[in-house]
Number of protein chains: 2
Amino acid sequence: MTDLVDPALIDRLAEVAIRTGLNLQEGQDLILTAPVAALPLVRRIAHHAYRAGAGLVTPILADEALSLARYREAGDHSFDRAPGWLYEGMAKAFEGGAARMAIVGDDPMLLSDENPEHVARAGKANSIAYRPALSKIANFEINWTIASYPTPSWAARVFPDLPEDQAVAKLAEAIFAASRVTGDDPVGAWAAHNAALRTRTEWMNGQRFSALHFQSPGTDLTVGLADGHEWHGGASEAQNGVTCNPNIPTEEVFTTPHAARTQGTVRATKPLSHQGSLIDGIEVRFEDGRITEARATRGEAVLQKLLDSDEGARRLGEVALVPHGSPISQSGLLFYNTLYDENAACHIALGQCYSKCFLDGASLSEEQIAAQGGNSSMIHVDWMIGGAETDIDGIKDDGTRVPVFRKGEWAA
Amino acid sequence: MTDLVDPALIDRLAEVAIRTGLNLQEGQDLILTAPVAALPLVRRIAHHAYRAGAGLVTPILADEALSLARYREAGDHSFDRAPGWLYEGMAKAFEGGAARMAIVGDDPMLLSDENPEHVARAGKANSIAYRPALSKIANFEINWTIASYPTPSWAARVFPDLPEDQAVAKLAEAIFAASRVTGDDPVGAWAAHNAALRTRTEWMNGQRFSALHFQSPGTDLTVGLADGHEWHGGASEAQNGVTCNPNIPTEEVFTTPHAARTQGTVRATKPLSHQGSLIDGIEVRFEDGRITEARATRGEAVLQKLLDSDEGARRLGEVALVPHGSPISQSGLLFYNTLYDENAACHIALGQCYSKCFLDGASLSEEQIAAQGGNSSMIHVDWMIGGAETDIDGIKDDGTRVPVFRKGEWAA
Ligand SMILES: [Zn+2]
Ligand SMILES: [Zn+2]
Ligand SMILES: [Zn+2]
Ligand SMILES: [Zn+2]
């Protein structure tokens, strides 16, 4: 294997993933999922994990060809199965104190040519089986992080017109820049980035806005915020007391909208890649928090099906602020991967809200969260509404307006 | 990646592993462990598993560099850890009906340069954690099989003087020949081979020998057989009712000796590779089943330590007959891997016996097995005592002698 990807940068990303992403503790075990194609990164992660005092690093490696073999050869009965024994074991390991890292790098469209009914059933069976482990991550009971690796299959999707080696090199460049590991002191760069995000979240939390008003070409949208909402961004403390960065990269400052208080029209600024389909030219009208009209110039049927998933699918679960100057936005690329694409622009998400985006959220019941305006749904789909023209005002209870974004950047 | 190993033969080995090795049943799940370097075989195994009606194939892939990272970087505390959550999950999957396949291919000397105390402690922690899953395999509760793949690191150990591509090609040739997949109908070839082995086991079982007398240069050894012993070889029925071939390749016909009834001297005919050390020129004297003298021209200290493992380590747990003309023997290679080396020559094993090598063995208690002469120990180490000169007589209760082997081959 030749070094298509710079080993020094792989090593820096591994160190950032362990020290900043996970903040792995002395003696803590680590469960690490990754595609086989990401092994050069996985090996350096194991190195840095043990250097940081890891107990035991257990890799669970996936392979695209193995995944496809099932869709190509298995009988119909296979598509309701899932490795429950493995996920229940993971949940047990998390209860025992293990941390969790995921490396993403699979082709985002891997299953787009397979039988959609089989894909949907297998996905559902897997989601149900994974729930005990996922809930510990979603409730932030443990320190966890997601980082990524420029695999050939993902690179081919982002740069379909380039030969493989050039596509990989370009995707690598974009990943390393977005992950802030191109400088001499990436861990220091992340500390500075986290401090900058903290300044933003503290300012937003101090303002106690009741709504945000987005204005840009095609958009005139007022997003009401949930009662007792809390802004988050960058490093955050898990319930096990470890402060970690769950996403590498991350650029967003985000909170929970009120499910019944969004009004107006919004035009998406980027295509939305959803389960192998592309939805482009989205325009939507909200009335009292609910989408009452939705159009798309491409993939409108997929969009309508998405909105019909359940009642919460037509309401917002997240609003997030990302400056137009963010490195991911500046790359101008569509990564077909939410970890990247949601950090390229201000976005809203249809569906489920995050309980941690409420003051004292960990102690609130589902009923309390709903009463404060938190949305609930099976889905959580982010789509980009920000760009170079985006202006945002914060609106307080008394009607006072405060500039938050001007021309796509933080106003203050 | 270029095709160092012929894809057509990889595919045949995969088909034999699924159809003959495992005899995978419609709807049965499969847990498959393998080194990442064996992925070309693992992918074809998944293909044939789903074609055979597999429910879900769950691969658990290991990587030598990841294993080494621990020995190189981890703190002392790491070496008492093991992924109990994973092994307990596997045991649960076996209880739920899953089959088990292992692909071997790691460098047999991978850990030979690491801290031996860490290697020993990590091995022990792993053995203890693995016990719930291993016991279901050892008790033959499920259909399982082991096959192998010619990885570069293993090939380099077998052919240290060849460049990597030639070493891999030579090891591949040896593995495919030994695994009987070089002909047009490998599944048919295995059916014929299993039938031939069954003829041998039935003949041996019909004779009801009380002892075997081995004679060759340096060897004059009488191995007493356990009361109610049963000979096994080739395909065999697991407790779940599935007939499978637990080892690919396999050449041996084997049973349980009586722990107190072996007399005489024996000289090993091949070096013994044990946990990264080579023991050569072994000569041993047995009195009443127990080794009372042991010498080796190389690695004698390792041999003595092995014999001191526990009381059962000085007594026999297996005696196995392999003709000198077996394909593995004819290759003339030392594979440093018991799956191969034990199928190259008649062998005996120090340590633990197999309960299935007793008539009605599954229903016997440990006490009954011991009373019939079955040995017990933490270890089970096979070493080769057969060669071109080996003569074996079967001895009956009345003293009648029947030729079993002459000049290294079956006499009848
Ligand atoms: Zn977001
Ligand atoms: Zn989101
Ligand atoms: Zn044997
Ligand atoms: Zn053995």
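The values are calculated or read from the model by the stated rules, or taken from the named source; none is laboratory data. A quick note: this is a predicted structure, and the numbers were derived from the prediction, not measured. Don't worry about glycine lacking a Cβ; one is built from the backbone with ideal geometry, like all the others, and counts go over all protein chains shown. Surface accessibility is based on the protein's heavy atoms, side chains included, excluding ligands, DNA and RNA. Shrake-Rupley method; radii C 1.70, N 1.55, O 1.52, S 1.80 Å.
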**OP:** Looking for whichever is assigned to a strand (DSSP E or B) and open to solvent by 10 Å² or more (accessible area, probe 1.4 Å) here; the options are A:Gly264, A:Gly317. Which one fits?
**Re:** A:Gly264
Original post:
Looking at (1) more than 21 Å from the chain's Cα centre (by Cα); (2) within 30 Å of B:Leu4 (Cα to Cα); (3) charged (D, E, K, R), which is the one condition that is false for A:Glu114?
Top reply: (2)
Subject >> Counted residues, the stretch B:217-236 - those being assigned to a strand (DSSP E or B) and either in contact with a Cys (Cβ under 8 Å, 6 or more places away or on another chain) or hydrophobic (A, V, I, L, M, F, W, C) (or both) >> reply: 6
**OP:** Would you point out which residue out of A:Ser148, A:Ser153 is surrounded by 15 or more Cβ atoms within 10 Å (Cβ to Cβ) and over 29 Å from A:Thr243 (Cα atoms)?
**Re:** A:Ser153
**OP:** Identify all residues within the stretch A:232-246 that are within 23 Å of A:Ile348 (Cβ to Cβ) and either away from ligand 1 (no atom under 11 Å from the Cβ) or open to solvent by less than 30 Å² (accessible area, probe 1.4 Å) (or both); write none if there are none.
**Re:** A:Gly233, A:Gly234, A:Ser236, A:Asn245, A:Pro246
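So that you can scan it fast, the table gives a plain yes or no per residue for (1) touching a residue at least 60 places away in the same chain (Cβ under 8 Å); (2) farther than 30 Å from B:Pro271 by Cα:
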site	(1), (2)
B:Ala345	yes, no
B:Gly351	no, no
B:Ser355	yes, no
B:Ala362	yes, yes
B:Asn375	yes, no
B:His380	yes, no
B:Trp383	yes, no
B:Ile395	yes, no
B:Asp398	no, yes
**OP:** Give me a count of the residues in the stretch B:49-76 that are at the interface with another protein chain (Cβ under 8 Å from one of its Cβ atoms) and in contact with a Lys or Arg (Cβ under 8 Å, 6 or more places away or on another chain).
**Re:** 9
Original post:
Does the stretch A:320-346 hold any residues that are small (Gly, Ala, Ser) and within 15 Å of ligand 2 (Cβ to nearest atom), and which are they?
Top reply: A:Ala320, A:Ala344, A:Ala345
**OP:** Being touching a residue at least 60 places away in the same chain (Cβ under 8 Å), open to solvent by 10 Å² or more (accessible area, probe 1.4 Å) and within 13 Å of chain B (Cβ to nearest Cβ) is the filter here, so list the residues in the stretch A:11-34 that pass it.
**Re:** A:Glu15, A:Leu24, A:Gln25, A:Gln28, A:Asp29, A:Thr33
Original post:
Would you pick out the residues in the stretch B:77-87 that are surrounded by fewer than 19 Cβ atoms within 10 Å (Cβ to Cβ) and facing chain A (nearest Cβ under 7 Å)?
Top reply: B:His77
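Here is a yes/no grid of residues against (1) at pLDDT 95 or above; (2) small (Gly, Ala, Ser):
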{"site": "A:Glu237", "(1), (2)": "no, no"}
{"site": "A:Cys244", "(1), (2)": "yes, no"}
{"site": "A:Ile248", "(1), (2)": "yes, no"}
{"site": "A:Glu252", "(1), (2)": "yes, no"}
{"site": "A:Arg261", "(1), (2)": "yes, no"}
{"site": "A:Val266", "(1), (2)": "yes, no"}
{"site": "A:Gly299", "(1), (2)": "no, yes"}
{"site": "A:Leu306", "(1), (2)": "no, no"}
{"site": "A:Ser309", "(1), (2)": "no, yes"}
Subject >> Of the criteria (1) within 30 Å of A:Ser179 (Cα to Cα); (2) without any contact (Cβ under 8 Å) to a residue 60 or more places away in the chain, which one A:Thr262 fails >> reply: (1)
**OP:** Please enumerate the residues belonging to the stretch B:246-291 that are touching a Phe, Trp or Tyr at 6+ places or on another chain (Cβ under 7 Å) and polar (S, T, N, Q).
**Re:** B:Thr255, B:Thr256, B:Thr262, B:Gln263, B:Ser273
Original post:
Taking the stretch B:30-87 only, how many residues are of a type in the set (D, E, K, R) and either modelled with pLDDT under 95 or more than 26 Å from the chain's Cα centre (by Cα) (or both)?
Top reply: 7
**OP:** Evaluate the stretch A:367-379: report whether one residue or more is within 19 Å of A:Trp231 (Cβ to Cβ), within 16 Å of ligand 2 (Cβ to nearest atom), within 16 Å of the chain's Cα centre (by Cα) and modelled with pLDDT under 95.
**Re:** no
Subject >> Pick from the stretch A:217-226, criterion more than 24 Å from the chain's Cα centre (by Cα) and in contact (Cβ under 8 Å) with a residue 60 or more places away in the chain, ranking: surrounded by the most Cβ atoms within 10 Å (Cβ to Cβ) >> reply: A:Gly218
Original post:
Can you pull out the helices (runs of 4 or more DSSP H) entirely within the stretch A:325-410 that have at least 2 residues that are open to solvent by less than 20 Å² (accessible area, probe 1.4 Å)?
Top reply: A:327-331, A:338-341
